Amino acid sequence: MLGLLQKFREGLSKTHDKLVGEIKRIVTRAPKLDPESLDELEAALIGCDIGVETALRIVEEVRNASAEVGRASRTASGEVDVVAIAKRIASEALNSGPLALRQAARPPTVVLLAGVNGTGKTTSTAKLAHQLKQDGRSVLLAACDTFRAAAIEQLKIWGQRTGCDVIAGQYGADSAAIAFDALDAAISRKCDYLLIDTAGCLHTKKNLMDEMAKMRRVIRKRVPDAPHETLLALDATTGVNGLNQAREFHQALGVTGLIVTKLDGTAKGGIVVAINRELKIPVKFIGVGEQADDLQPFDAKAFADALFS
Ligand SMILES: Nc1nc2c(ncn2[C@@H]2O[C@H](COP(=O)(O)OP(=O)(O)OP(=O)(O)O)[C@@H](O)[C@H]2O)c(=O)[nH]1
Ligand SMILES: [Mg+2]
């Protein structure tokens, strides 16, 4: 558990350092928290993409606490404990939801990974495969990105690294047909999981979204309740733009969970709070690096701790 918290902390250190640094600077300069400092606090919170609504709630609570004569929410030296207030409200906003991967009644559990170009679908597929293998599960990968150059080789390399077979076709082949073949293979090999890597598609490009929808329909002909999870990879560094992507994908595909990637590379990790609050789609995993073991199951409390402690 300590290891997990440590990983969270390291992965979120950019956001943490910026946010806590700004809060400390504001509080040190104006311990009484005048209106100008509260404005600055609001700007700092919004700047980490925590969401306007959550930022305003934090500022409101801080304002109330500084007006109070009592010692609630105060540090030992009598100042308002801004960090503690922010942490409490952020963790309240993080509706944790059902976090474990949904399981098929009968294996294989089929997991489809979707997302805009370069958000980290393939890497997340590999990381998930690695995690499942570590738990002793058998995993088959489907290379359904037949579109981008070298996408198939990229997944095959990850297959070798993680010890998973990869079902692939030719470039330009129908991705739905490959998904169907891979599902057949997963069933006959009695695999626990089939993870399907798909082509990056812009949420604004209708034909690519249609292709994703077709893939789902074809899979369902074989296993009516599949895919059991449709995970959307969202790049944290794109900030609030990710919210729009998620909305569109959700409408087209019925996203069941999010993987927020590249949190290690941004000071805008607050986006996870905004996503949780506004979309009501659970964040199931976060990506905090480029290696196979850099995927963390999402934990609301550890996240709020890492952000503000
Ligand atoms: N630092 C960091 N890099 C990441 C993370 N996840 C993915 N990346 C990197 O982001 C780049 C794109 O990742 P991919 O997994 O290829 O993304 P993709 O969505 O499959 O891309 P396309 O298939 O081209 O649409 C790679 O260089 C990854 O190593 C993460 O959590 N942290
Ligand atoms: Mg890819």
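The values are calculated or read from the model by the stated rules, or taken from the named source; none is laboratory data. Computed from a predicted structure; not experimentally measured. All Cβ positions, glycine included, derive from the backbone under ideal geometry; neighbour counts span all protein chains shown. Just the protein is used for accessible areas: all its heavy atoms, side chains included, with ligands, DNA and RNA removed. Shrake-Rupley method; radii C 1.70, N 1.55, O 1.52, S 1.80 Å.
In a shell of Cβ-Cβ distance under 13 Å around residue 247, excluding residue 247 itself, what net charge do Lys and Arg (+1) and Asp and Glu (-1) give?
Around residue 247, the surrounding residues sum to -1.
Rounded to whole Hz and in sequence order, give me ³J(HN,Hα) for segment 14-28 from the Karplus expression 6.51 cos²θ - 1.76 cosθ + 1.60, θ = phi - 60°, writing x for Gly and Pro.
Result, rounded to whole Hz: 5, 5, 4, 4, 5, 5, 5, x, 5, 4, 4, 4, 5, 5, 5.
Could you check the spin-label model distance between residue 225 and residue 190? Points 7 Å from the Cα along Cα→Cβ, value in nm.
Rounded to a tenth, the inter-label distance reads 2.1 nm.
Quote to one decimal, in nm, the extra length available between residue 36 and residue 181 on full extension: 0.36 nm per residue of separation minus the C-alpha distance between them.
Full extension from residue 36 to residue 181 adds 46.0 nm.
Quick check for me: using +1 on Lys/Arg Cβ and -1 on Asp/Glu Cβ, what's the dipole size of segment 109-299 about its Cα centre, in debye to the nearest 20?
400 debye
Counting only other residues whose beta carbon sits under 14 Å from that of residue 135, what net charge do I get with K and R as +1, D and E as -1?
Combined, the nearby Lys, Arg, Asp and Glu give +1.
Net charge near residue 59: determine it from the other residues with C-beta under 9 Å of the C-beta of residue 59, scoring Lys and Arg +1 and Asp and Glu -1.
-2
From the cross-link list 262/301; 190/262; 127/280; 7/190; 7/205, which pairs have alpha carbons spaced over 31 Å apart?
190/262; 7/190; 7/205
Given the Cα-Cα distance of residue 161 and residue 105 and 0.36 nm per residue of separation, how much length would full extension add, in nm?
So the extension gain works out to 17.3 nm.
Can you tell me how segment 1-67 classifies by the Cα gyration tensor, rounded, prolate or oblate, using a/c under 1.5 as the rounded cut?
Prolate shape, in that a/c is at least 1.5 and a/b is the bigger ratio.
Divide by every residue of the chain the summed helix terms, -39500 (n - 2.57) for each DSSP H run of at least 4, and state the resulting mean residue ellipticity at 222 nm, rounded to the nearest 500 deg cm²/dmol.
That comes out to -16000 deg cm²/dmol.
Which one, 254, 200, 287, has the greatest fluctuation when you compute a Gaussian network model over the chain with C-alpha springs under 10 angstrom?
254
Can you compute the modelled spin-label distance between residue 278 and residue 28, with each label point 7 Å from Cα toward Cβ, in nm?
Computed distance between label sites residue 278 and residue 28 equals 3.3 nm.
In whole angstrom, note down how far apart the Cα centers of segment 212-247 and segment 133-182 are.
Segment 212-247 and segment 133-182 have Cα centres spaced 17 Å from each other.
Accessible area of residue 138, 1.4 Å probe, to the nearest 10 Å²?
For residue 138, the solvent-accessible surface is approximately 40 Å².
Return the percentage of antiparallel bridges among DSSP beta bridges fully within the chain, rounded to the nearest 5 %.
DSSP beta bridges in the chain are roughly 15 percent antiparallel.
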